[in-house]
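Q: Submitted below is the structure of interest, expressed as structure tokens.
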Amino acid sequence: MFIPFDEETLTVRSGIRDLIERVLLPESLVPGPFDADPSAKARAHRAFQESVMGAALEVPLSLTDESGGYRFEVSGRADMIEDLSGGGRRVTEVKTTGEVPPADGSGIPAAFGMQLYFYARALAGGPPSGSGISMRLVVLPCSKDDPPPAEYGLDASAPGLEEQWRAMLGTAAGLLSIWRDRRSRQLARLASGGVFPYRDRRPGQERLESLSWEAVANSGRVLVEAPTGTGKTAAILAGALEAAIPPSCRVFFLTSKNTQRRICLETIRGMRDAGLDLAVTVMDSRERMCAAGNARCRASECGFAESFGSRVRDSGILESLMEKGLVEPSDLKAEAAAAGVCPFELQLARARHCDLVVGDYNYAFDPSVRLRRFFDDPPEEARSVLLVDEAANLPSRAREYYSPGISSALVDAAFPLPKRLGSFRRLLGGLRGSLERLGSDPALAEGGEIEIDPATDLCLRPEAWAGKFAKLEVPPSDELIDVFYAVSAMAKVSALAGSGFHLLCRKDGGGTSVQWYCTDASRFTGERFASSRASVCFSATLMPLEHHRDLLGLGEESVIESLPWPFPENSLSVWVDGYVDTRYRARARSMPMLVKRITLLAATMPGTWVLFFPSYGYMDAAARALGQVSDALLVQRPGMDQQSRDSFMEELEKGGRLVLTVSGGIFSEGVDLRAPDLRGAAVVGPSLPSVDLRSDLLRADFSASGRDGFTCASVIPGMSRVVQAAGRLVRKPGDRAVLLLLDGRFLSPPYSDLLPAHWLRDGRPGRASWSMREIREFWG
């Protein structure tokens with residue numbers, strides 16, 4: 001539901017501001033001047049209230065009304081109520097804002113007027129016409145030093161206000177009816193046999209569905225590992241929805257890659273075809289959703305940002321989209337453009353009405369991007385269910401969210417300053433000077449990075465920046481906004497920093513950059529999980545489970561479980577080839593042996609073989625060597641766009657190729673390698689991360705917490721990529737494939753300890769012979 005609602009009594013209970021925000025929607029999406037410090041605004045607000053002698057302050061008011069068969073119980077607090085000397089009463093609403101409406105009141109936002117009208121209506125016990133109640137709006141502008149308040153008298157008896165009030169309640173009633181009709185169909189579907197979208201379940205799916213249902217029903221936390229091909233998405237989504245629909249919880253399906261989002265949408269379509277009517281929002285970025293085609297939002301220059309609320313209401317587009325259930329981003333974008341409204345803001349407005357929101361991790365976990373209407377509102381967050389796909393990827397992504405930086409290139413781009421922005425010259429100069437001083441450190445070589453004292457004065461001055469932006473009367477440049485955001489992000493993390501944070505300085509390309517580096521974001525992700533109703537984190541690569549539970553911040557009370565291999569034992573033949581040394585210092589020397597072993601592997605059964613390398617450099621060197629013995633190479637390139645990826649997959653699907661790709665890359669996760677003659681894969685080495693300052697810091701912080709730093713920082717992430725790559729091979733019943741692990745390190749701890757149980761023979765990894773006879777016998 002989009003607003004607190006009692007289904008038994010058909011009663012809406014809401015604060016007036018919340019009701020206005022959710023029903024009327026903002027009229028203009030053009031941001032005003034940057035807000036001043038919230039505490040300063042609160043002090044100004046209180047000071048004005050106390051300056052009016054005899055006024056009653058913060059007066060609680062409420063009223064009850066009906067519309068469309070629904071009862072509305074609305075409450076709020078009037079800033080001021082005064083008894084006037086000539087008789088009658090005046091209700092005043094005080095707003096602190098950076099933009100003052102024209103003197104004639106023509107630019108007063110509809111939300112301000114409707115809030116005041118509610119207070120007058122509540123005081124009068126009905127429409128306030130003839131009641132002697134007057135209304136006043138006071139605006140305390142924050143754009144100039146010591147500005148005088150702006151006052152606007154509004155006519156409480158104006159007939160248009162009562163019409164707007166009734167229209168607002170009518171719109172809310174109509175949206176509630178759409179929600180109730182869908183809900184009755186959902187409950188009927190649940191009563192008739194659940195929402196699992198397929199006729200048969202694979203081994204393990206029933207358990208996954210049960211774990212997910214129990215987590216949501218009991219407000220629990222679950223971390224579950226299940227091999228690729230188990231059908232995790234369908235089972236976990238079905239279990240969560242079955243438990244979330246009856247209490248009207250909202251489910252967030254969070255992914256790290258578009259491939260996983262596509263799998264989720266395929267599952268949702270299957271549920272729809274099986275009779276489940278879900279309202280689903282599929283989140284896409286502001287840039288991709290822009291109807292004007294801008295790479296950067298320019299609301300002040302965009303026609304889709306004006307009259308947003310009234311255009312949405314007048315066109316009925318929100319009601320139309322809610323009737324359709326599942327609306328994908330491209331369809332929503334087209335309909336929004338036709339209605340003349342911003343597609344991105346429309347998808348946000350629609351999300352309030354949806355049962356399921358599908359999007360990237362950042363919409364829940366990134367402090368700069370998260371959906372504040374859900375995750376900064378405690379009641380909304382408390383009924384949110386988080387399903388985290390490929391959860392092994394979240395800790396590293398979360399560390400990035402809390403690792404902001406600022407560079408001399410960013411600061412230099414803000415120059416030359418136009419005259420209207422000259423007041424920022426000193427602030428920019430301070431930043432530039434501090435970066436230049438840090439860059440002159442003799443310990444900092446070109447292309448190098450060092451750790452510096454976290455107490456280093458970077459001349460950020462966030463309060464000064466915020467103050468100047470609050471007083472701007474002209475639009476700032478994009479480059480200046482970028483610097484302001486960087487300063488703000490750096491300052492926020494500086495306030496959080498402690499253990500698990502390091503301040504780094506880097507010199508590259510003639511410039512200097514400073515960045516906070518977060519090695520442990522578990523307390524931040526843990527706060528999000530703890531505040532939500534329930535969480536289910538799942539992946540095929542979560543060993544050891546306790547380690548990943550701690551990285552995610554799920555807490556020791558969480559349920560952790562690993563499901564067995566769902567396919568016959570003879571579907572995947574795994575062997576370790578100890579004849580190749582893939583350690584960095586041995587790669588050039590061992591390249592001829594690598595080529596020989598790969599060539600022999602491919603000869604055991606002609607067809608398509610996929611090779612996974614730990615880096616582009618190693619892969620390119622191998623490609624050059626293999627190119628002398630094979631003309632069937634298909635090699636991944638860095639930075640491939642969607643068209644290049646599609647072409648790559650088309651070539652692979654022709655068959656007969658030796659495919660070279662990178663572990664942990666775009667072709668190693670969430671992708672079906674649909675070559676008709678796919679025989680297997682070789683993983684070249686345990687895919688350890690590169691050795692640099694950051695990996696050293698990560699390892700040291702793990703060690704400081706009492707864990708094995710090398711295993712936690714290097715071996716576990718590397719072996720996760722190995723297991724992830726192997727997941728491309730057997731994805732459905734009937735698939736058969738070979739997996740060859742090229743490096744003797746796979747035969748001993750800590751690497752062998754992290755191999756999945758179904759890869760082992762009598763508890764140990766199998767060792768390939770020189771002739772690869774075992775692999776020939778598998779195919780025979």
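Q: Taking Val251 and the conditions (1) within 20 Å of the chain's Cα centre (by Cα); (2) more than 25 Å from Phe365 (Cα to Cα), which numbered condition does it fall short on, given that it satisfies the others?
A: Condition (2) is where Val251 drops out.
Q: Then there's this: Tell me which residues, restricted to the range 733-758, are of a type in the set (D, E, K, R), over 24 Å from Arg674 (Cα atoms) and either in contact (Cβ under 8 Å) with a residue 40 or more places away in the chain or buried (at least 17 other Cβ atoms within 10 Å of the Cβ) (or both).
A: Of everything in the range 733-758, those that are of a type in the set (D, E, K, R), over 24 Å from Arg674 (Cα atoms) and either in contact (Cβ under 8 Å) with a residue 40 or more places away in the chain or buried (at least 17 other Cβ atoms within 10 Å of the Cβ) (or both) turn out to be Asp743, Arg745.
Q: Also: For the range 686-710, what are the residues that are within 29 Å of the chain's Cα centre (by Cα) and open to solvent by less than 30 Å² (accessible area, probe 1.4 Å)?
A: Correct list: Ser687, Ser695, Leu697, Leu698, Phe702, Gly709.
Q: Could you check the range 552-585 and list, in sequence order, the residues that are within 27 Å of Asp520 (Cα to Cα) and either touching a helix residue (DSSP H, G or I) at 6+ places or on another chain (Cβ under 9 Å) or part of a strand (DSSP E or B) (or both)?
A: Within the range 552-585, Leu552, Gly553, Leu554, Gly555, Glu556, Ser558, Val559, Ile560, Glu561, Ser562 meet the criteria.
Q: Moving to a separate point now. Here is a list of conditions, (1) modelled with pLDDT of 95 or more; (2) within 26 Å of the chain's Cα centre (by Cα), and Arg180 meets all of them except one; can you say which number that is?
A: It is condition (2) that Arg180 fails.
Q: Just one of Tyr584, Tyr579 is under 22 Å from Ser752 (Cβ atoms) and at pLDDT below 95; which is it?
A: After ruling out the rest, the residue left standing is Tyr584.
Q: Separate question: Which pairs turn up if I take residues in the range 453-477 that are closer than 14 Å to Ser423 by Cα and look for partners that are among the β-branched types (Val, Ile, Thr) with beta carbon separation below 6 Å, at least 6 apart in sequence or on another chain?
A: Close Cβ pairs (under 6 Å, with a partner that is among the β-branched types (Val, Ile, Thr)) amount to Trp465/Val487.
Q: Applying the selection to the range 69-98, what residues are touching a Ser or Thr at 6+ places or on another chain (Cβ under 7 Å) and either at pLDDT below 90 or open to solvent by 50 Å² or more (accessible area, probe 1.4 Å) (or both)?
A: Arg71, Glu73, Ser75, Gly88, Arg90, Gly98
Q: Of all residues in the range 309-318, count the ones that are open to solvent by 50 Å² or more (accessible area, probe 1.4 Å) and touching a residue at least 40 places away in the same chain (Cβ under 8 Å).
A: 1
Q: Please verify whether Ser184 is within 30 Å of Ala351 (Cβ to Cβ), free of Cβ contacts under 8 Å to residues at least 24 places away in the same chain and not in a strand (DSSP E or B), treating the condition exactly as stated.
A: yes
Q: Here's a follow-up. Tell me, which helices (runs of 4 or more DSSP H) wholly within the range 385-485 include 1 or more residues that are under 30 Å from Leu211 (Cβ atoms), open to solvent by less than 20 Å² (accessible area, probe 1.4 Å) and not aromatic (Phe, Trp, Tyr)?
A: 394-401
Q: Give Ser396, Ser368, Ser384 a once-over and let me know the one that is of a type in the set (Ser, Thr, Tyr) and touching a Lys or Arg at 6+ places or on another chain (Cβ under 8 Å).
A: Ser384
Q: Which condition number does Val730 fail, the rest of (1) among the aliphatic types (A, V, I, L, M); (2) under 20 Å from Arg399 (Cα atoms); (3) open to solvent by less than 30 Å² (accessible area, probe 1.4 Å); (4) not in a helix (DSSP H, G or I) being met?
A: Every listed condition holds for Val730 apart from (2).
Q: On the basis of being in contact (Cβ under 8 Å) with a residue 12 or more places away in the chain and under 30 Å from Phe469 (Cα atoms), does Ile133 make the cut?
A: It is false that Ile133 is in contact (Cβ under 8 Å) with a residue 12 or more places away in the chain and under 30 Å from Phe469 (Cα atoms).
Q: Evaluate the range 606-613: report whether one residue or more is modelled with pLDDT of 95 or more and within 31 Å of the chain's Cα centre (by Cα).
A: Yes, that holds for at least one residue.
Q: For the range 58-157, which strands (runs of 3 or more DSSP E) that fit wholly inside it have 1 or more residues that are β-branched (Val, Ile, Thr) and in contact with a Cys (Cβ under 8 Å, 6 or more places away or on another chain)?
A: Filter on the range 58-157 gives 89-97.
Q: Kindly evaluate Ser714 against the criterion of being of a type in the set (Gly, Ala, Ser), farther than 16 Å from Thr541 by Cβ and either modelled with pLDDT of 95 or more or open to solvent by 10 Å² or more (accessible area, probe 1.4 Å) (or both).
A: The answer is no for Ser714.
Q: Which residue is surrounded by the fewest Cβ atoms within 10 Å (Cβ to Cβ), if the candidates are limited to the range 526-544 and must be of a type outside the set (A, V, I, L, M) and over 18 Å from Ala382 (Cβ atoms)?
A: Pro544
Q: What are the residues in the range 214-244 that are assigned to a loop (DSSP other than H, G, I, E, B), of a type in the set (Val, Ile, Thr) and open to solvent by less than 10 Å² (accessible area, probe 1.4 Å), if any?
A: Thr230
Q: Quick one: His502 ticks every box in (1) modelled with pLDDT of 90 or more; (2) surrounded by 13 or more Cβ atoms within 10 Å (Cβ to Cβ); (3) part of a loop (DSSP other than H, G, I, E, B) bar one, so which box is it?
A: Condition (3) is where His502 drops out.
Q: For Met271, state whether it is touching a Phe, Trp or Tyr at 6+ places or on another chain (Cβ under 6 Å) and open to solvent by less than 20 Å² (accessible area, probe 1.4 Å).
A: When the stated conditions are applied, Met271 does not pass them.
Q: Output yes when any residue across the range 545-565 is modelled with pLDDT under 95, among the hydrophobic types (A, V, I, L, M, F, W, C) and surrounded by fewer than 19 Cβ atoms within 10 Å (Cβ to Cβ), and no when none is.
A: No, the range 545-565 contains no residue that is modelled with pLDDT under 95, among the hydrophobic types (A, V, I, L, M, F, W, C) and surrounded by fewer than 19 Cβ atoms within 10 Å (Cβ to Cβ).
Q: Restrict the check to the range 634-642 and report whether at least one residue is under 18 Å from Ala602 (Cβ atoms), of a type outside the set (S, T, N, Q) and assigned to a loop (DSSP other than H, G, I, E, B).
A: For the range 634-642, residues under 18 Å from Ala602 (Cβ atoms), of a type outside the set (S, T, N, Q) and assigned to a loop (DSSP other than H, G, I, E, B): absent.
Q: Do the conditions hold for Gly293, that is, is it of a type in the set (Gly, Ala, Ser), modelled with pLDDT under 95 and open to solvent by 50 Å² or more (accessible area, probe 1.4 Å)?
A: yes
Q: Residue by residue through the range 676-690, note down the ones that are closer than 17 Å to Ser396 by Cβ and among the hydrophobic types (A, V, I, L, M, F, W, C).
A: Leu688
The values are calculated or read from the model by the stated rules, or taken from the named source; none is laboratory data. Just so it is clear, the model here is predicted, and its values are computed rather than measured. Note that we place each Cβ from the backbone using ideal geometry, even for glycine, and neighbour counts take in every protein chain shown. The protein model used for the area step is the full one, side chains on, heavy atoms only, and it has no ligands, DNA or RNA in it. Shrake-Rupley method; radii C 1.70, N 1.55, O 1.52, S 1.80 Å.
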